[in-house]
Each structure stands twice: as C-alpha cells, then as structure tokens.
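The values are calculated or read from the model by the stated rules, or taken from the named source; none is laboratory data. All of these numbers come straight from a predicted model, not from anything done at the bench. Cβ sites come from the backbone with ideal geometry, for glycine too, and all protein chains shown count toward neighbours. These accessible areas exclude ligands, DNA and RNA; they are computed on the full protein's heavy atoms, side chains included. Shrake-Rupley method; radii C 1.70, N 1.55, O 1.52, S 1.80 Å.
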Amino acid sequence: MKKLLFYFIILLISVWIGLKIAADPGYLLIAYQKVTVEMPLWLAVLGVLAVFLILYFIFRIISNIRSLGGRIHAWSQTRRLRRAWARTHRGLISLAAGEWKQAEKDLVRAASRTETPILNYLSAAQCAQAQQAIAQRDEYLGKIKPEGKIQTLALGLTQARLQLREHQYEQALATLQQLQQIAPKHTLVLKLLKQVYLHLEDWSSLEILYPQLEKYEILPENRLEKLQIKIYVNLLKTSGEGASIIWSRIPKKIRQSPELLNIYIPILSQKSSDDAEELLRSALQKNPDGPLLIQYGLIESSHKEKQLHAAESFLKNHPKNAALLLTLGRLCVKNQLWGKARSYFEASLGVTACPKTYQALGALLEQLGETQQAMECYKKGLLATSQ
C-alpha cells in the first residue's frame, strides 16, 4: 500500500511538472565571447541532471574497479577461512573418533589459516601424545601464543593434564604452579595440583594446599576428610621426633580417627605411655575400634589396674568383641590375673580364631607350666595363620 501511494505521488509531481513546462517552457541564453546558446529553461535543467547522472555513474564504475582487488582478496580470505574451519571441524571429529593420525594432519594444516589456532594446536598436541609422540606434542604446544588469561589457562591446563597422563609429575607441577600464580582460585588448577602432590607423595605441600581445597569445595566433604586424614597419617609416618608437632597441627575433628591414632599411639607410647593410654582411652570411649583396642592392650601404662578397669568398662556394650577380649586377656596378664586372662583369651578364640590370640594363650599356658597345652595353642595359631 505504501509503495502504491509513493508511486501515485511521483506520478502527480510528474504531471504537475509537465503542465508547468507546457504552460511556460522558460528561456535560457548563454553567451561567451562571440558564442551564444539559446534553449528552453526546462531543457537546460534536464541536461544538467543528465550530465550529473552520467558523471556519477562514471565515478561509481571507477571506484568499483579500484576496490575490485580488495573485494577479491576479502572473498579469497573468507573462502580460506571456511576451508580452514571445515578442515578443523573434520579434525575434531576424527579426534573424537580416535583417528589420531588423520585428526593431527587436518588440525595442523588448518592451524595457520584459522582464526583460533590455539584450538587446533591444543587438539593436535592431544593427538600427538596419543601416538606417543611426546616431542611433537611439546612442539605443537610451543607454537601457541596465548592472548589473555583465558587462553593462558587453556594452554597450561591442557599441558598439565597431558603431562600427568605421561607421569611427568615434576613438569606438571611446574606448569600448575605457574597457573596458580595467574589464577589462585581456579578449581581445576587446585584439583590437578592435589593429584600431582599425591603422586609425588609431597604431604607437606598437600597440607598447605588443603585449606584452599576445602574453601573452594574441590571435593565432597567426606572425600576431603579422608584426604586430610591421609595427609596427616603420612606426615606422622615420616615425622620422627617431630610427631608431637605434627599432632598439634591436626584439627580436633579428625584426631579421633582410628587411622591417625594407630600411627600416633605407638610413637607417643615411646615417650609417655601414660599419655598414650589416656589419649587412646578417650578415643575408645567414643569408638571402640578393633585395631585401637589391640593397641590399648599393648600400652605399658604405669596404672595397669586402672587400664584394665577402663577396658572392662567397654565389655558391657561389646561382650562378643574378639579384639576387646584379647586386650582384656593381655591386661590381666600384666596384672598377674592368670585365670582371668585365660578366660578372656579362650572367650576371644570362641569368637574368632586369631593367630595372635593363640600365641598369647600359648605364652600364658607355658608360663603356668602347661607345656603340652601351650604347644597345642602354638600349632593352632600356625594353622590359623596359614589359613
């Protein structure tokens, strides 16, 4: 409708101009020296418009001819980019399909002509590593010139993960430490650092890293606690004289864990058996763990009778606990309660035929002069061990 109205207005204007020309064509006289030109005014106006249009089209043609080279170049560039992207796309599909050699070939050939060469070289590096071409992998990674933080992280994280897969833990650690300076809160950087420290068994560095792992929730809460326990278990194992210093750094919420106490109690017993007994007794009141009960019976406390009474207090809730019964037998031996010790050992064997219990009962019987029965216990213990 709008076009129709527009054409109608143009038609009215044309008719109006035509009527004006017919009514009064006007007159134009041009004189220069001895030359004169006479014509109707409207004809002169049309002539000027015609000259203007001719000049306009001439200039347009010249301009198009001059820009033709640029247009051809732009067309060629666009065509190259499309071909490069098609080759890159084909390479990525081959990479996903496990066609490493073909994927590497397509990705590298397209890298110099694409707008995102970092994507091509990162993917080509993965292809090279899959073919065990580690030197070629590093060459591809070295060709990348990252622009900005995101590309630097992409390059570094890919490099670190590839190094981890090849068990190049020292190189991966150096890569990740550089990334940590750039992005100290980056969750994947922290997670990979944790993996590297675990492989290197660098427990001190893991202890330093742990607060960040906890703060940024790198792992679920239960796995974080297991990791923290593992860190301190290994620090205690290698602590030597500094075990008490390590213990003082352990958070109270995990000090009662059996894994830590099983390591720390024997170390503490060498310095102060009474302190070890008190610490372990407190832990057993909350969680009478089997291995910890065994440890409790091995502590040489200066308060043997008190130690026995404490162990017997656990018997009410755990009457069929073989480890507890074995421990009670050992504590009775220390208190020279031979008959009671024998009863506890036999009750423990009634629950579980444990070689250590047979050995303890055999030693008691031998001490009581019952050599034949002692030998029978030793034999049963050896048989239980072999089974």
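For this structure, a couple of remarks:
- Cut-off 13 Å between beta-carbons: net charge of the residues surrounding GLN359, Lys and Arg +1, Asp and Glu -1: +2
- With distances taken between every two different alpha-carbon atoms, the range 158-308 has a Kirkwood hydrodynamic radius of 17.2 Å.
- In the range 176-238, inverting the average of 1/r over every pair of distinct C-alpha atoms gives 11.8 Å as the Kirkwood radius.
- Overall form of the range 227-299 per C-alpha gyration tensor (a/c, 1.5; a/b vs b/c): oblate
- Karplus 3J(HN,Hα) series, Hz, for the range 250-260 with 6.51 cos²θ - 1.76 cosθ + 1.60 (x for Gly, Pro): 6, x, 4, 5, 10, 5, 8, 5, x, 4, 6
- Measure of compaction for the chain (Cα Rg per 2.2 N^0.38 Å): 2.15
- Per residue accessible area of the chain, 1.4 Å probe, in Å²: 63 Å²
- Global size of the range 104-243: 17.7, 63 Å for Rg and Dmax (C-alpha atoms, Rg to one decimal, Dmax whole).
- Checking the cross-link pairs LYS286/LYS356; LYS306/LYS340; LYS320/LYS356 against a 23 Å limit on the alpha carbon distance flags LYS286/LYS356 as lying beyond it.
- Label-point gap, in nm, between SER248 and VAL351 - each point 7 angstrom along Cα→Cβ: 3.8 nm
- Counting only heavy atoms of the protein chains and using a 1.4 Å probe, GLU376 has close to 80 Å² of accessible surface.
- Nonlocal Lys pairs with alpha-carbon distance under 16 Å, the range 143-220 (8 or more apart, or different chains): 5
- Relative to the compact-globule estimate of 2.2 N^0.38 Å, the Cα radius of gyration of the range 234-346 comes out at 1.08.
- About its Cα centre, the dipole of the chain is roughly 1920 debye, where the only charges are +1 on Lys and Arg Cβ and -1 on Asp and Glu Cβ.
- A Förster radius of 56 Å combined with the Cβ-Cβ distance from THR116 to PHE6 puts the calculated FRET efficiency at roughly 0.70.
- The shape of the range 314-366 comes out oblate: with a ≥ b ≥ c from the C-alpha gyration tensor, a/c is at least 1.5 while a/b does not beat b/c.
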